[in-house]
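For reference, the structure discussed in these notes is given below.
Derivation of every value follows stated rules applied to the coordinates shown; laboratory data play no part. Predicted model, so just to flag it, every value in this text is computed and none were measured. Methodologically, a virtual Cβ is constructed for each residue, glycine included, from the backbone with ideal geometry; neighbour enumeration extends over all protein chains shown.
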Amino acid sequence: MPGEDSRELRRPRSTQMTRMFSDMSTWHAMAALCGCALIALLLSGCGEEPVVVTSETPDVSIAPPYNRQQIANFRGIAEPRSDAWEELVRDLPRLQADGINTAMISPPVLISQRAGGKPRVGLEGSAGSAPGNIEDLHRAGIAVFLAPTTTMAGFPPQVEPTDATMSHLNEDTIRWATTAEQTQSELFSPLSQFNLALGTETAGRWSSQILPQIREIYHGDVVAMVVPDMAGYHATGTAHDFELLNYTGYDYLLVDLFPAEDPFSQDRFDFQVSDVILRAIAIAQRDGLKGVMIQCGAWREAAGADTVVGPQLGEEGQARVTGRVLELTSPQKYPQVKGVFFHGWTLPGRGARDFAVEQTLRNAFGEMSKTAP
């Protein structure tokens, strides 16, 4: 029996011609539509650079921008040397294994001004590497505390607060506050040890002036970093100089707890640490802060270009003193303590890496993470 195709061939020729012209009209209409679309596309792209999309073109929309972490308790390592920040990046798995969730990096400020107006290319270059290092730390899940400092090799932390110096300091501070916001750093301090660097009276005036400017730029938590006098005895009712400052507007108060007296007495140092942490907590409550933080550490031995301040305790002594500070100020004992930082990762004579104090930190941070991950 003839198939469907044979029936099609037996249709009248006029019918076949009618279908042929109908099909041609359809194709012409489709071609016209495609042509209009092509012309519109060419006109809309006039004056723009052509974009070639291939299978190798990266899809940047896959990687969302970094947003700062919300951390209940900061367990950190502080690395004040800008030339050692890359060491932190290379040691990221080790930092995480030690229970460290935050890295404090301290770019130097007033570099050229303190060098007699001559640019110090090495330090400036190292400071310029901060954004990239912050990005690497964030990519690994490590929070960042950006804390500019006047302490650098060959210079003491104290500066002469002339009008010119303060003007340059303001510029440097705003620059780093901008970097902290652009990189979404979790914490920012206007100046590390600012009461020591500027003197108590100048520090108070400067803080009240610079803090509102920082708040306009940086939207994370701001930390006031101070140095209590650990070398003198403060009787009950006698204030440390850091207690005379007003911290209203800050989020946290961080106090340094380093042994300063030589010869060293563990009992006396324990008393000083316990006294300072209670005073700091009272100040935080007075000025409406979220809590307090500490930075601790100790010299093992004289090494590097930094001047030794305080006793040299050896490897075991450094680990023992650090363990005692962490015990006396633990968040388990004082819930107001929201952060603990050890001073130095690869810092000569003081750094934790490869020394007994690293295990001390791992043990303490492991316990802290159980109550505040």
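A simple spin-label model places the labels of Ala164 and Arg205 1.9 nm from each other, with each point 7 Å out along Cα-to-Cβ. Sorting Ser129, Ser189 by the number of Cβ atoms found within 10 Å of their own Cβ, with the fewest placed first, yields Ser129, Ser189.
When a/c reaches 1.5 or more, the comparison of a/b and b/c decides; with that in mind, is the range 212-371 rounded, prolate or oblate per its Cα gyration tensor? Prolate is the answer for the range 212-371, as a/c is 1.5 or above and a/b outweighs b/c. As a calculated quantity, the FRET efficiency between Thr178 and Ser369 at R0 = 30 Å, using C-beta atoms, amounts to about 0.40.
When its C-alpha radius of gyration is set against 2.2 N^0.38 Å (N residues), the range 178-258 gives a value of 1.17. As a proxy for reagent exposure, Ile71, Ile294 were ordered by neighbouring Cβ count within 10 angstrom, fewest first; the result is Ile71, Ile294.
Please report how many Lys pairs in the range 74-371 have alpha carbons closer than 22 angstrom, counting only residues at least 8 apart along the chain or sitting on separate chains. Let's see the in-between values first.
Details: Lys290/Lys333; Lys290/Lys338; Lys290/Lys370; Lys333/Lys370; Lys338/Lys370.
For the range 74-371, the number of qualifying lysine pairs is 5.
Ordering Ser265, Ser185 from the fewest to the most neighbouring beta carbons within 10 Å gives Ser265, Ser185.
Model label sites at Glu327 and Asn67, defined 7 Å from Cα along the beta-carbon direction, differ in position by 4.2 nm.
Here the ratio of the Cα radius of gyration of the range 74-371 to 2.2 N^0.38 Å is 0.93.
Would you please name the chymotrypsin sites (Phe, Trp or Tyr not before Pro) within the range 206-279 that are DSSP coil residues with at most 14 other C-beta atoms within 10 Å of their C-beta?
Numbers: sites: Trp206, Tyr218, Tyr233, Phe242, Tyr247, Tyr250, Tyr252, Phe264, Phe269, Phe271; in loops: Tyr218, Tyr233, Tyr247, Phe264.
Within the range 206-279, the qualifying chymotrypsin sites (Phe, Trp or Tyr not before Pro) (loop, at most 14 other Cβ atoms within 10 Å) are Tyr233.
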